[in-house]
């Protein structure tokens, strides 16, 4: 029920944006900024690029306001744009040119994500190693499997939404996820 | 109950169970199965471990100036000449339509048209001799009837 209300709220906001209400666009941005940036970050594994792509997503949303029709869930549409941009970026091979040093970012990320109690240097290093392995295991997945896992695991989108974002059938999404989790289980088995 | 892990559908249900995406009734069913199936229990344990490992990857916070940068881009775009705005709408749509869909429709229409034309223009070599044979047969029958007519008065006499 809450999800349906949220869906109606997003569509309603977007329809108001279509009529020229800038405040509604700010509200949509507030609601979806973090999920879109986080999804893109996990797809491209680079913060600067993920924010740049997320800006392009919202710019395209704003640009399409005049022709917007609430035929699908707003979130699905948003993730479809984000997935398209992320996959294009990966396919264009831009990754090699601009990827930050993984280790530098990992240590930096580990510092940002420290839990409340003070971790020891050893704990921090262990965390960094674990995170590195998770990132590398995800990075080696085929693009579509990676996108499906990101949307399923981290953004909690259902099969129908993922299918629309990836332009495939629900059964194809189930197969993508099944194969991706199977691969990840075997690659990260030693971490248990 | 048959081992769920053995079928892809069953394994998918176990994955959904680990993600907490099953409704209570189905979750209870899976739990009952897990009590008696060691293979499925092992898969659930491994998937839960994977789930926890994936949880450790937190995305960083969005930069504080994200909105300001976005609004600056929007303002720049608004100030651009109108031809540029139209070009962007055409060449950078929110979600580009897959190019192969109209091509596939066109190809299908072309194929139907080509088959139609082939049927229309192809000569039917098998039919001509057949028509000829039919004509010969008719002529032979007509000639035979004429012969009978000639013979008939002679018989009657």
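Brief remarks on what is shown
- Among the residues making up the range A:38-65, a single one is farther than 19 Å from residue A:93 by Cα, crowded, with 24+ Cβ neighbours inside 10 Å and within 7 Å of another protein chain (Cβ to nearest Cβ): A:58.
- Scanning the range A:115-140 for residues that are loosely packed, with under 13 Cβ neighbours inside 10 Å and either touching a helix residue (DSSP H, G or I) at 6+ places or on another chain (Cβ under 7 Å) or modelled with pLDDT under 65 (or both) gives A:115, A:116, A:117.
- When residue B:95 is tested against (1) at pLDDT 85 or above; (2) touching a helix residue (DSSP H, G or I) at 6+ places or on another chain (Cβ under 6 Å), just one condition goes unmet, and that condition is (1).
- Residue selected from the range A:159-192 under the condition facing chain B (nearest Cβ under 8 Å) and not in a helix (DSSP H, G or I), by the criterion surrounded by the most Cβ atoms within 10 Å (Cβ to Cβ): A:188
- Restricting attention to the range A:66-79, the residues being surrounded by 19 or more Cβ atoms within 10 Å (Cβ to Cβ) and either under 21 Å from residue B:67 (Cα atoms) or over 19 Å from the mean Cα position of the chain (by Cα) (or both) number 5.
- Within the range A:95-103, one or more residues are more than 14 Å from chain B (Cβ to nearest Cβ), exposed (fewer than 12 other Cβ atoms within 10 Å of the Cβ) and at pLDDT 55 or above.
- Which listed residue, of B:11, B:21, is within 13 Å of another protein chain (Cβ to nearest Cβ), under 37 Å from the mean Cα position of the chain (by Cα) and in contact (Cβ under 8 Å) with a residue 24 or more places away in the chain: B:11
- Members of the range B:44-86 found to be more than 30 Å from residue A:183 (Cβ to Cβ) and outside any helix (DSSP H, G or I), listed by number: B:63, B:64, B:65, B:80, B:81
The values are calculated or read from the model by the stated rules, or taken from the named source; none is laboratory data. A quick note: this is a predicted structure, and the numbers were derived from the prediction, not measured. Because the Cβ atoms are built from the backbone with ideal geometry, glycine has one as well, and the counts that use them run over all protein chains shown.
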